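These notes concern the structure reproduced below.
The values are calculated or read from the model by the stated rules, or taken from the named source; none is laboratory data. Not measured: the values here are computed from a predicted model. Ideal geometry is used to build each Cβ from the backbone, glycine not excepted, and the neighbour counts take in all protein chains shown.
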Amino acid sequence: MTMSDSLLEVQSYAGEGYQPLIDFGAWRVAVLRYHAELLPENISEMQRHDETDEVFVLLAGRCMLFLGEGADQVTDVLAVDMEPLKLYNVKRGAWHSHTLSHDATVLIVENQDTVLENSPKTVLSLDQRKKLRALAGDSW
């Protein structure tokens, strides 16, 4: 699968000590855990952030990151099965959602002023929802 680097930047560090990997504005750090509304069969929309990138780090369990190509609406749905302790930087303006296993913990870093007013959502078509479920497969 070939994906444009305008949608996603993946970083990791295998050395020792401190290493800055992704900097962007005044960040917020949060934790995301399992919620039933994020099961593949329940995902009906994607969100984007118009003013910031958003970084996800899988700490435990399993998380699949869904990305939507397209500007004003999603034209295609792609998926990345996240690897533990890698940094996944979803670029500003990229449509996204995710699904998590029951035991998952995901660290999120985003601007502290990331709010609904600058994070629009778009409804996925029935075909896009089917594709999202197919990408997730039977493992969820």
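Listed here are the residues, each with its yes/no results for (1) touching a helix residue (DSSP H, G or I) at 6+ places or on another chain (Cβ under 7 Å); (2) surrounded by 13 or more Cβ atoms within 10 Å (Cβ to Cβ); (3) of a type in the set (Phe, Trp, Tyr); (4) farther than 26 Å from residue 5 by Cβ.
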{"residue": "36", "(1), (2), (3), (4)": "yes, no, no, yes"}
{"residue": "52", "(1), (2), (3), (4)": "no, yes, no, no"}
{"residue": "80", "(1), (2), (3), (4)": "no, yes, no, no"}
{"residue": "92", "(1), (2), (3), (4)": "no, yes, no, no"}
{"residue": "117", "(1), (2), (3), (4)": "no, no, no, yes"}
Practice prompt. Sort through 15, 25 and tell me the only one that's part of a loop (DSSP other than H, G, I, E, B) and either touching a Ser or Thr at 6+ places or on another chain (Cβ under 7 Å) or modelled with pLDDT of 80 or more (or both).
Written response: 25
Response to the item:
All conditions in (1) outside any loop (DSSP other than H, G, I, E, B); (2) touching a helix residue (DSSP H, G or I) at 6+ places or on another chain (Cβ under 7 Å); (3) buried (at least 16 other Cβ atoms within 10 Å of the Cβ) are true of residue 65 except (2)
Item to complete: Output the number of the condition that residue 84 fails; it satisfies all remaining conditions of (1) buried (at least 16 other Cβ atoms within 10 Å of the Cβ); (2) outside any strand (DSSP E or B); (3) not charged (D, E, K, R).
Response: (1)
